[in-house]
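**Student:** Could you have a look at this structure, given as structure tokens, before my questions?
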Amino acid sequence: MAISPCEFFEELSLHDISFYSGVPDSLLKEFCFCIDDRMNDEQHIIAANEGNAIALATGYHLATNKLPMVYMQNSGLGNAINPLLSLCDPDVYSIPLIVMIGWRGEPGVKDEPQHTKQGKVQINLLKAMDLPFETISKDDDQFQLKISNIVDIAKNENRPVVLLIKKGTFDKYSNKLDIINNHKLKREKALEIILENLSDNAIIVSTTGKTSREIFEIREKRGQAHNQDFLTVGSMGHCSLIALGIAISKPNREIICIDGDGAMLMHLGSLTTIAAIKPNNFRHILLNNEVHESVGGQKTAAQSLNMLSIVDAIGTNKVFVADSENLLKKKILELIHCDGPSFLEVKIQPGSRDNLGRPTIKPIKNKTNFMNFINKN
């Protein structure tokens, strides 16, 4: 039987844990809904990336001498390895904190291809990092004891520790997030408009999550090939520099990067590299719904930021914004026909079709077809 998120939260509260930071994960989303419902904005901070969350938690501990918790999907552990080993480790500053990790790609459990390797090496990775851990599943009737054990290690040894959470561990949480977003344009419609205005020779790199899934389904619906699109199903936040690497190598081809707000914020420094190199053939499109939609709809910092101003200040050649079908049809043409690097923010509403599928082409096949397409001339 799945564990109540509220019971889990209350157990942590008994150990005086009252500060949470992290990046949302679909395996942990019910627990994260509970945190968001019970903690204020200074007690629960959704960070841009997992390494940032570790740093936030470190600062909290230094100021309070209390034990914080950081949560993440295991695919984000790579972002956290540096601060965990070079900041928090007992051989450095010896910072006690709990890291809750959603175990995507667990061997023997069906998951998406981008999680396969991370899930396979998860236990060995924790052991190599010398991170004490407890594993919790939905049938675990000892989760209170495991929390207690891991808290004791963190406090007594002044070190990071891990709660590794298996798929399906948490029961449904009744209250959902109340996201205020007045934009009318849906992402799938925005993508249809964008794709129909791009040339057959344009090279497209799309971000992880539902954007790539919808691009794949649009192509399927239209009977089009998929070789024009590199679907970045993993490595969140890196699609813009994948696109930049192609743009530099193929200066005579039109390169379109289709990004998301959570992904772009995760590695915002990428924008400075693009602006510094100034590739004339680079077009960056941000589909901004202000939430981490694929993992539960938790808000991103984009809700309180002017993303267009940030990109403009960095030194992008031209910036545009669209929030309706008619305006997008106009601005996508202006984006394509101006000198790059250029940027278009498309303000969209959260949500997608309930029957939205996933790419049926394996990543290695997508790569092969894509490479043949971009090297054909």
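The values are calculated or read from the model by the stated rules, or taken from the named source; none is laboratory data. Predicted model only: the values in this text are computed from it and were never measured. Virtual Cβ from ideal backbone geometry, glycine too; neighbours counted across all protein chains shown. When the accessible area is computed, the model is the full protein with side chains, heavy atoms only, and any ligands, DNA or RNA have been set aside. Shrake-Rupley method; radii C 1.70, N 1.55, O 1.52, S 1.80 Å.
**Student:** Do you know which residues across region 1-30 are in a helix (DSSP H, G or I), open to solvent by 40 Å² or more (accessible area, probe 1.4 Å) and farther than 23 Å from LYS155 by Cα? Even if it seems obvious, please write down each step before you answer.
**Tutor:** We begin by selecting, within region 1-30, every residue in a helix (DSSP H, G or I); these are 5-14, 26-30.
So of that shortlist, the ones also open to solvent by 40 Å² or more (accessible area, probe 1.4 Å) come out as 7, 10, 13-14, 29.
Listed by number, the list holds a single entry, LYS29.
**Student:** Looking at THR58, THR64, can you tell me which residue is in contact with a Leu (Cβ under 8 Å, 6 or more places away or on another chain) and either of a type in the set (Val, Ile, Thr) or surrounded by fewer than 18 Cβ atoms within 10 Å (Cβ to Cβ) (or both)?
**Tutor:** Working: THR64 fails: in contact with a Leu (Cβ under 8 Å, 6 or more places away or on another chain).
After applying the criteria, what remains is THR58.
**Student:** Is region 8-31 home to any residue that is within 25 Å of MET307 (Cα to Cα), out of contact with any Gly (no Cβ under 7 Å at 6 or more places or on another chain) and at pLDDT 95 or above? Please lay out each step first, then the result.
**Tutor:** Restricting attention to region 8-31, the residues satisfying the condition of being within 25 Å of MET307 (Cα to Cα) are 21-25.
Now restrict to residues that are out of contact with any Gly (no Cβ under 7 Å at 6 or more places or on another chain): 21-22.
From what is left, the residues that are at pLDDT 95 or above are 21-22.
Looking through region 8-31, at least one residue is within 25 Å of MET307 (Cα to Cα), out of contact with any Gly (no Cβ under 7 Å at 6 or more places or on another chain) and at pLDDT 95 or above.
**Student:** Same structure again: Test each condition in (1) surrounded by 13 or more Cβ atoms within 10 Å (Cβ to Cβ); (2) not in a loop (DSSP other than H, G, I, E, B) for LYS117 and report the one that comes out false.
**Tutor:** Tallying (1) surrounded by 13 or more Cβ atoms within 10 Å (Cβ to Cβ); (2) not in a loop (DSSP other than H, G, I, E, B), LYS117 fails exactly one: (1).
**Student:** Also, I was wondering about something else. Of everything in region 80-95 that's part of a helix (DSSP H, G or I) and without any contact (Cβ under 8 Å) to a residue 40 or more places away in the chain, which residue is surrounded by the most Cβ atoms within 10 Å (Cβ to Cβ)? Quick ask: steps written out before the conclusion?
**Tutor:** Our first condition is that a residue be part of a helix (DSSP H, G or I); within region 80-95, this holds for 80-88.
After this cut, where a residue has to be without any contact (Cβ under 8 Å) to a residue 40 or more places away in the chain as well, the list is 80, 82-83, 86-87.
On the way: ALA80: 25, ASN82: 12, PRO83: 23, SER86: 11, LEU87: 16.
Going through the qualifying residues, I end up with ALA80.
**Student:** Would it be correct to say that TYR71 is open to solvent by 40 Å² or more (accessible area, probe 1.4 Å) and in contact with a Leu (Cβ under 7 Å, 6 or more places away or on another chain)?
**Tutor:** On the way: open to solvent by 40 Å² or more (accessible area, probe 1.4 Å): no; in contact with a Leu (Cβ under 7 Å, 6 or more places away or on another chain): yes.
When the stated conditions are applied, TYR71 does not pass them.
**Student:** Follow-up. Can you spot a residue in region 142-162 that is modelled with pLDDT under 95 and of a type in the set (D, E, K, R)?
**Tutor:** no
**Student:** Just checking, which of SER137, SER174 is open to solvent by 60 Å² or more (accessible area, probe 1.4 Å) and either under 25 Å from the mean Cα position of the chain (by Cα) or at positive phi (or both)?
**Tutor:** Numbers: SER137 fails: open to solvent by 60 Å² or more (accessible area, probe 1.4 Å).
The unique qualifying residue is SER174.
**Student:** Tell me, yes or no, whether region 40-51 has at least one residue that is free of Cβ contacts under 8 Å to residues at least 60 places away in the same chain, surrounded by fewer than 21 Cβ atoms within 10 Å (Cβ to Cβ) and outside any loop (DSSP other than H, G, I, E, B). Break it down into steps so the answer makes sense when it comes.
**Tutor:** Taking region 40-51 as the starting set, the residues that turn out to be free of Cβ contacts under 8 Å to residues at least 60 places away in the same chain are 40-45, 47, 50-51.
Applying the additional criterion that residues be surrounded by fewer than 21 Cβ atoms within 10 Å (Cβ to Cβ) yields 40-45.
Those left that are additionally outside any loop (DSSP other than H, G, I, E, B): 44-45.
Among the residues of region 40-51, at least one is free of Cβ contacts under 8 Å to residues at least 60 places away in the same chain, surrounded by fewer than 21 Cβ atoms within 10 Å (Cβ to Cβ) and outside any loop (DSSP other than H, G, I, E, B), which makes the answer yes.
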